[in-house]
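The numbers here are math on the coordinates, done by the rules we state, and not lab data. Please read all numbers here as calculations on a predicted model, not as lab measurements. Using ideal geometry, Cβ is built from the backbone for each residue, glycine included, and neighbour counts are taken over all protein chains shown.
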Amino acid sequence: METVKKSKIAWASLVKWIFLVILIIFFGLTSDVFFSVTNLLNIITQISMTGIIALGMTYVIITGGIDLSSGSVLAFVGCIVAIMSKAK
């Protein structure tokens, strides 16, 4: 029974990667600008905040201090930045 669960988990993970590769190939073939530097920089810019928060949360979870309040901290920092930018 244990090997059945492991094989289902491995298969589910493999299917996700295969689907991602298929999507990349599809969009690469149908669009001229998909693999352009501008598009890659745009993607990196869009995911930078989520990536920074994910790195911080990974550190917190690894150290054992499970804290899932990153969303509220992000909202708080956003409000502080908005107030500071308005004060200029």
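Things worth noting here:
- The residue among ILE61, ASN39, VAL81 whose Cα reaches farthest toward the positive pole of the charge dipole of the chain, with charges on the beta-carbon of Lys, Arg, Asp and Glu, is ILE61.
- Answer label, with P(r) over Cα pairs in 10 Å bins from 0, in percent calculated from the coordinates and candidates (i) 13, 21, 30, 26, 9, 2, 0; (ii) 18, 48, 33, 1; (iii) 18, 34, 17, 9, 9, 8, 4, 1, 0: (i)
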